[in-house]
Each structure stands twice: as structure tokens, then as C-alpha cells.
Amino acid sequence: MIERAWQLLSRWAVPVMMTLAYAFLAATSETNTTGKAWMAVGLVLVLVVWFVFRALTEAAALARALSVGDTARLFALAARHLPRKRRPADRAPFLVARAFAHALRGEHAEALATIEEARPGPALQPLAAAVRIGALVELGRPADEARALVVSSPRAPALGWLAEGQIAWRAGQLDIAAPLLARVIDDVRAGSATRAIAHVYAARIADARGQAQLAARHRAAAANLAVPGATWLHGQGAQLAAVQG
């Protein structure tokens, strides 16, 4: 109840206070109808700026949570916004966020089920495809099934490299997977969560090649990049969740 009350205050306190202030100003000012009309126009402009600011703030919060893989924040944003959203385009970002959070906790069946509900636009399609492909790979589905879902984007190339690297790992093509994952790891624009996932698969490749020390370094790097709630990156990612071959 306290959290709900705070959410309502953070969204509506400023508009209500500004409306009351403008109403008091209009009631006490010695001006004609034209002057009061201009005051109303000013109030409308203030409210527009406020709600645009709120929308930009919420979009930035979602983008940051996706970048760092903040599972608690992703679940909270999805729980807050999905009940109020009706249009598929408005629901898609929060469904993708929830699916990504499930994946980072190792709940790959839940991630796949959630991402199937989303109808993302072009900007979100690379991330949605990466989440779906990652879930299929971890659930042991055939590599060809996942390969058909790869989406490349010049704005987010690391997501395409990650998806292709995961598929190559699933197919046992370690020599193809390794350089793709290395590109993701070296791309600081990719976001810490995406790079941590790449480290998990790089560790698996090192295991398969008998490079225990390199595998341990990759796992340590994944854990350092991951937030505490991303349990798959901290522990479960060190295990082979899918059987190759």
C-alpha cells in the first residue's frame, strides 16, 4: 500500500498542486476572461511538459534496467505498467523486460512463454529475438529452430552476435561461436547484462576445450557484471543447462 501510494503521489502530486495553484491565481487575480484563458493555456503547457518528462524518465529507467540486467527493477516495471496497458505496442516493452528478467534468473521456460506474448516493434525486435533464442538454446531445442529467429540490427549489433554465438555453441561449432562471443564481450556499448551472458558461453567453450583457468575467468567476469538478482549469471550459468549434440 505504501509503494502504491508513493507511485500515485510521484505521478499526480505535481499536476494536482499546479492545477490548484493556477486555480487560486485565476480566482484572486484582477484580470478579465482573456487573461484567465491565457492562464489556462499556461497550465496545459506545464502539464504537457510534466507528463512528457514522466514518460522520458520511465523509458530511461526501463532502458537502464535492461542494459544492466536489473531483474528486480524489470519485474517491478512490468508489474506496474502491464495492468494499465492495453495496446500490444504499449505492452511489448514490459513483456520483453519481464522475459529478460526470467532469463537472467535461469527461468528459461517462463522467459520463452512471456516473450511469445510480446509483439515488439523494430527497436525491440533484436532484444526480443535474443531472449527467445537464448531460452530455446538453454532448453535444448535444435539449433536450426533458433537460427531462423536471428534478427540483426545496426543499432544493437552485439545482440545479433550473441544470438549467433549461442546457436553456434548449441550446434557444437565452437570455433564459430568463440569469436562471436568475444566481439560481444569487447563491445562496451552492449550493456553489462549482454556481455555477462557472452562470458557464460565463453566459459562453456573454455570448459569444452579443457581450459579450466580461462573458464574460471569468464565466470568471474560474468558474476562481476551481473546484478545480485541475476542468479543464472552468478551460478546457474556455470552449469551446462543444455546438452549439446
- Message: So if I check each of Ala212, Ala216, Ala226, Ala168, which one is within 18 Å of the chain's Cα centre (by Cα) and not basic (Lys, Arg)?
- Response: Ala226
- Would you tally the residues in the range 21-76 being open to solvent by 60 Å² or more (accessible area, probe 1.4 Å), polar (S, T, N, Q) and part of a helix (DSSP H, G or I)? 4
- Query: Given the residues Leu127, Leu174, Leu180, which is the only one that is in contact (Cβ under 8 Å) with a residue 12 or more places away in the chain and under 20 Å from the mean Cα position of the chain (by Cα)?
  - Reply: Leu127
- Query: In the range 77-86, which residues are in a helix (DSSP H, G or I) and surrounded by fewer than 18 Cβ atoms within 10 Å (Cβ to Cβ)?
  - Reply: Ala79, Arg80, His81, Leu82, Pro83, Arg84
- Candidate set from the range 101-156 (those that are basic (Lys, Arg) and in a helix (DSSP H, G or I)); member that is least open to solvent (accessible area, probe 1.4 Å): Arg132
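The values are calculated or read from the model by the stated rules, or taken from the named source; none is laboratory data. Worth saying up front: this structure is predicted, and the values here are computed from it rather than measured. Note that we place each Cβ from the backbone using ideal geometry, even for glycine, and neighbour counts take in every protein chain shown. Heavy atoms of the whole protein, side chains included, go into the accessibility calculation; ligands, DNA and RNA do not. Shrake-Rupley method; radii C 1.70, N 1.55, O 1.52, S 1.80 Å.
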